[in-house]
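Remarks on the structure that follows.
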Amino acid sequence: MPAGRVTSGSPEPLGVTLTVDGVNVAVASLTADAVDFCLFEEAGGERRIRLPERTGEVFHGHVEGVGEGARYGLRAHGPFDPARGLRFDPGKLLVDPYAVALDGPFHLDPAIFSAPEEALDSGPVVPKAIVTPRAPEASPQLIVPWERAVIYEAHVRGLTRLHPDVPEPVRGTFAALACPPVIEHLQALGITTLELLPSAAWIDERHLPPLGLSNYWGYNPIAFCAPDPRLAPGGWAEVRSATRALAQAGIEVVLDVVLNHSGEGDALGPTLSLRGLDNPTYYRLDRDDPARYVDDAGTGNTLALDRPAGVRLAMEALRTWARRGGVAGFRFDLATVLGRRPNGFDPAAPLLSAMLQDPELRRLKLIAEPWDCGPGGHQLSRFPTAFGEWNDRFRDTVRRFWGGFDATRGELAARLAGSQDVFAARRRPSRSINFVTAHDGFTLADLVSYAAKHNEANGEDNRDGTDGNWSWNSGVEGPSDESAIQARRLADQRALLATLVLSRGTPMISMGAELGQSQGGNNNAYAQDNATAWLDWARDDAGLTGWVARLAAIRQAEPVLREDRFLTG
């Protein structure tokens with residue numbers, strides 16, 4: 001092993017930091033008894049080094065002789081007592097929460113689920129973090145004014161996996177986003193802002209492999225500060241090259257981030273990082289039964305983002321993606337969790353306040369999905385005024401109006417005018433993120449082709465996914481060869497797109513809406529990492545693509561459509 005003398009080191013900064021002669025290791029845990037720094041050789045050998053000092057809640061040490069590229073993990077010692085919320089097991093190799101690079105993706109294995117008495121070592125199957133130099137403090141290359149923004153929501157893999165003009169070796173990765181055919185398509189549509197689905201390293205839910213499925217969307221993170229190697233095999237340099245190329249073409253990148261929960265799941269989930277380091281600090285546990293997790297995110301656990309440890313990790317993740325990746329903003333999944341205190345949502349909660357006080361983050365685009373699954377979870381219009389918010393009132397009103405349901409012209413007019421009845425004078429119309437479809441739900445073509453969801457391919461007997469779609473099929477469920485039905489559906493798609501792009505507020509177009517993309521009626525394609533969810537470029541409808549481009553051009557040419565104030569008088 002290259003490691004040499006071990007000294008006390010420093011409690012700051014957290015994580016593993018290169019020094020002139022080795023690395024400083026600092027790991028925070030209020031409840032652990034000891035922490036080991038574990039170094040791995042290419043041949044598979046492991047050296048465990050007990051961190052020699054503790055300052056407050058931080059275990060730390062300096063290890064000489066360890067350089068850039070070294071592979072490492074952590075092991076934490078303490079009681080395994082779920083009834084007290086403690087789940088320590090030194091047989092579990094843990095990923096450093098502050099790691100910025102991994103040597104491979106996460107995979108499910110019995111060892112990461114095992115109990116301590118089973119004595120299974122997860123070291124051979126858990127990705128190793130890579131020692132990486134600190135990032136320079138760089139700014140995003142481009143930040144588009146809110147009032148000019150036209151957002152395109154896409155998945156890194158799904159957008160390019162089937163693109164015929166993207167080189168096969170890079171399809172489905174960040175490198176593909178920098179390819180001229182992809183950029184030219186976005187430019188032709190009039191897109192200013194590419195909003196990418198989560199790209200931090202994630203793991204599959206445990207029920208998926210037996211079904212022959214895997215997590216596609218990425219809303220199940222483990223390493224919040226590291227890009228997933230499947231999307232960015234070239235690491236941060238690849239991410240940065242993509243955002244730079246897009247910025248040079250006038251397109252900023254906003255990243256969807258998942259800070260509300262982790263992929264460690266419920267009490268039966270794997271132990272990979274936070275659970276094994278300091279379970280009762282990082283997670284909200286049931287007050288009456290600490291062996292159970294509060295589940296405001298509907299995913300098995302909820303991160304405690306009103307505590308210092310959670311706030312610090314979340315802030316470091318955001319700064320890392322901005323500095324190393326060059327992203328210009330963030331969309332926060334189930335963002336109500338970010339403002340949750342024990343007694344409910346607070347717009348002045350610690351994490352939300354920290355973002356708005358941070359000189360780097362407060363200048364970026366911050367977009368909330370203003371709901372979660374917990375009590376009082378729907379908080380549309382209650383986030384701080386600097387935040388944009390996904391406006392589900394816009395989505396539902398527009399769908400109901402064009403689908404012939406119960407929406408009135410007055411309701412539609414309110415959405416066209418910027419939803420002043422929702423956001424009132426304290427907000428600007430641009431902070432209403434208007435959308436008709438998104439990754440979660442029907443595609444635009446399916447919205448007008450299916451009256452009900454068809455999620456049989458997800459292996460849950462069509463129970464998953466929402467039933468409240470406000471969708472319609474013009475008399476035939478699914479594909480139809482009747483020209484009259486096809487024409488009606490195309491007209492409906494054009495009407496929906498026109499309403500979206502020409503309304504006050506910031507429009508968000510979902511990937512493939514301009515191509516007539518279909519998922520066969522699947523409105524929850526989170527586990528469809530295949531042709532069901534990948535963008536089918538062969539379906540390109542030049543007429544629909546041109547329609548979106550003309551709408552975007554009209555929006556930019558007519559200030560009245562994007563003026564960032566509500567109508568009065």
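The values are calculated or read from the model by the stated rules, or taken from the named source; none is laboratory data. Computed from a prediction, not measured in an experiment: that's the story for all the values here. When we count neighbours, we look across all protein chains shown, and the Cβ atoms used for this are built from the backbone with ideal geometry, even at glycine. Only protein heavy atoms, including side chains, enter the accessible area calculation; ligands, DNA and RNA are left aside. Shrake-Rupley method; radii C 1.70, N 1.55, O 1.52, S 1.80 Å.
Assorted remarks:
- The convex hull around the C-alpha trace of the range 51-195, projected and averaged over every direction, spans 14.5 square nanometres.
- Normalised size of the chain, defined as Cα radius of gyration per 2.2 N^0.38 Å with N residues, equals 0.98.
- J(HN,Hα) series, the range 174-183, from Karplus relation 6.51 cos²θ - 1.76 cosθ + 1.60, nearest Hz, glycine and proline x: 4, 4, 5, 5, 8, 6, x, x, 6, 5
- From the C-alpha gyration tensor of the range 117-270, square roots of 5λ in Å: 31, 18, 16
- Difference of contour (0.36 nm per residue) and Cα-Cα distance, A188 to R244: 18.3 nm
- Rounded FRET efficiency, nearest 0.05, which uses the C-beta distance separating R362 from T7 and R0 of 45 Å: 0.75
- Pair-distance distribution of the range 401-500: all C-alpha pairs, bin width 10 Å, starting at 0; shares per bin in whole percent are 14, 38, 32, 14, 2.
- Vicinal HN-Hα couplings computed from phi for the range 104-109 (Karplus, 6.51 cos²θ - 1.76 cosθ + 1.60; Hz; Gly/Pro x): x, x, 7, 9, 6, 7
- Alpha carbon centroid spacing (whole Å) that separates the range 294-321 from the range 381-430: 29
- The range 65-137: translational diffusion in µm²/s, Stokes-Einstein, Kirkwood Rh over Cα pairs, 25 °C, 0.890 mPa s: 179
- For the range 1-130, the alpha carbon positions stretch 42, 35, 22 Å along the principal axes, listed from largest to smallest.
- Straight-line cross-link partners of K128 among the lysines, defined as a Cα under 26 Å from its Cα and at least 8 positions apart when in the same chain: K92.
- Charge-dipole axis of the range 43-91 as Lys and Arg at +1 and Asp and Glu at -1 on Cβ define it, positive-most pick from F59, L74, G91: G91
- From the Kirkwood radius over Cα pairs of the range 1-52, Stokes-Einstein at 25 °C and 0.890 mPa s returns a whole-number translational diffusion coefficient of 202 µm²/s.
- Using alpha-carbon coordinates, inclination of helix 392-402 to the longest axis of the chain, degrees: 30
- Element breakdown for the chain at a 1.4 angstrom probe: carbon and sulfur atoms account for 51% of the accessible area.
- For peptides 332-342, 383-393, 63-73, sequence by mean Cβ density within 10 Å, most packed first: 332-342, 383-393, 63-73
- Cα centroid of the range 477-556 to Cα centroid of the range 24-101, whole Å: 48
- Cα Rg over Rh - the range 314-403, Kirkwood: 1.03
- Between the beta carbons of H378 and R319, assuming R0 = 41 Å, the FRET efficiency works out to 0.90 to the nearest 0.05.
- With contributions of -39500 (n - 2.57) from each DSSP H run of at least four residues, the per-residue ellipticity at 222 nm computed over the chain stands at -7000 deg cm²/dmol.
- If R0 is 22 Å, the Cβ-Cβ spacing of A451 and R494 corresponds to a FRET efficiency of close to 0.65.
- Coarse-grained scattering of the range 254-358 at q = 0.15, 0.18, 0.19 Å⁻¹, given as base-10 log I(q)/I(0) from a Debye sum over alpha-carbon atoms: -0.61, -0.87, -0.96
- The per residue volume of the convex hull around the alpha-carbon atoms of the range 116-193 is 218 Å³.
- Stretchable slack from V476 to F405, in nm (0.36 nm times residue separation minus alpha-carbon distance): 23.8 nm
- Placing pseudo-labels 7 Å out from each Cα toward the beta carbon at T55 and R287 gives an inter-label distance of 3.5 nm.
- Residue-normalised accessible area of the chain, expressed per residue, 1.4 Å probe, Å²: 37
- Extending 7 Å from Cα along the Cβ direction at R48 and again at S483 yields two label points whose distance is 7.5 nm.
- In order along the range 343-358, the phi-based Karplus estimate (6.51 cos²θ - 1.76 cosθ + 1.60, θ = phi - 60°) of 3J(HN,Hα) comes to 9, x, 6, 9, x, 9, 4, x, 5, 4, 5, 4, 4, 6, 9, 7 Hz; Gly and Pro are listed as x.
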